[in-house]
Amino acid sequence: MKAMILAAGLGTRLQHLTQDKPKALVEVKGMTLLERSIHKLIQAGVNEIIINIHHFAPLMRDFINQHPFEARISFSDETSLLLDTGGGIKQAAWFFDDNKPFIVYNVDILTDLILKAMYNFHNKNQNLVTLAVRNRNTQRYLLFDSNMRLCGRYNAKTEKKTLVVDTNTPCEAFAFSGIHVISPEIFSLMPAQKVFSITDLYVEIARNQNITGYLHNQGFWMDMGKLQSLEDINSILI
């Protein structure tokens, strides 16, 4: 099984913690976010991982070279141009050459979500994309119909709602958890440009593609990309 860790972000929300290192190498309880993400994926059965890098890219390479893992690890270098989430995944298309679904995991996410169960759900339902979602407060929501099929988005700050699928029932808003399972057919649906958001693409193609939410309201989830989260983690065991 293959996976991608999205780790090219600048980590600007972590302020002074990322002045001399990338966000992925910020430590939480003695272990970097990158290590935690890699171990999480290996636990799910992943044995090949690609990591996109941009901010302090040489430090990322050095860290992996100095820390052996039970998975083959490659890099997708975005040093010259930060490609956003969609462009980052697109550039790594060469890595996913086994024609099997793969996991995409944001490096700053901590959760006890069982990735293998989500992967099996994706395969059973023959989804193009499966998105981990949950009930939590955010500014940007994805909208899902009664069958948890993606049908649009809602921005709580601007109160703008975009619906792309006609439904007989109201769509429900959930927050995206930064974890996807993606079938390789997605690459043929990507735009020609290099830089684009993957969630923008999901909403754009949802009318004709099976993009489904995987609800995980139970258990632990935290976005470590925010400074307050790093402070809060001291009171949480994970």
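Read the figures in this text as sums done on the coordinates, not as results from a lab. For clarity, every value in this text was computed on a predicted model and none was experimentally measured. Positions of Cβ are generated from backbone atoms using ideal geometry, with glycine treated the same way; all protein chains shown enter the neighbour counts.
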Checklist outcome for this item: Residues of region 80-115 with backbone N under 18 Å of the label point set 7 Å from the Cα of Lys194 along Cα→Cβ are 80-95
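Which ordering of Phe95, Phe144 is given by a fewest-first count of other beta-carbon atoms within 10 Å?
Phe95, Phe144
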Next on the checklist: Just to compare against my own numbers: the Cα pair-distance distribution for the chain, 5 Å bins, whole % per bin, please.
Outcome noted: 1, 6, 14, 18, 21, 18, 13, 7, 2, 0, 0
Item to check | Computed [θ] at 222 nm, helices only, for the chain once each DSSP H run of length n ≥ 4 contributes -39500 (n - 2.57) | outcome: -6500 deg cm²/dmol
Checklist entry - Between Ile89, Ile205, Ile179, which gets the highest mean-square fluctuation from a Gaussian network model of the chain, Cα cutoff 10 Å? => result Ile205
Item to check | Antiparallel content of DSSP bridges confined to the chain, in %, to 5 | outcome: 55 percent
Next on the checklist: With a 10 Å cut-off between alpha carbons and a GNM built on the chain, which of His67, His39, His54 moves the most?
Outcome noted: His67
Next on the checklist: Under 10 Å, Cα contacts only: if you run a Gaussian network model on the chain, which one of Thr32, Thr79, Thr167 comes out with the highest mean-square fluctuation?
Outcome noted: Thr167
Item to check | Pairs from Lys21/Lys90; Lys21/Lys157; Lys100/Lys124 whose Cα-Cα separation, in the structure shown, is over 20 Å | outcome: Lys21/Lys90; Lys21/Lys157
Checklist outcome for this item: If Thr162, Thr130 are placed from fewest to most neighbouring beta carbons inside 10 Å, the sequence is Thr162, Thr130
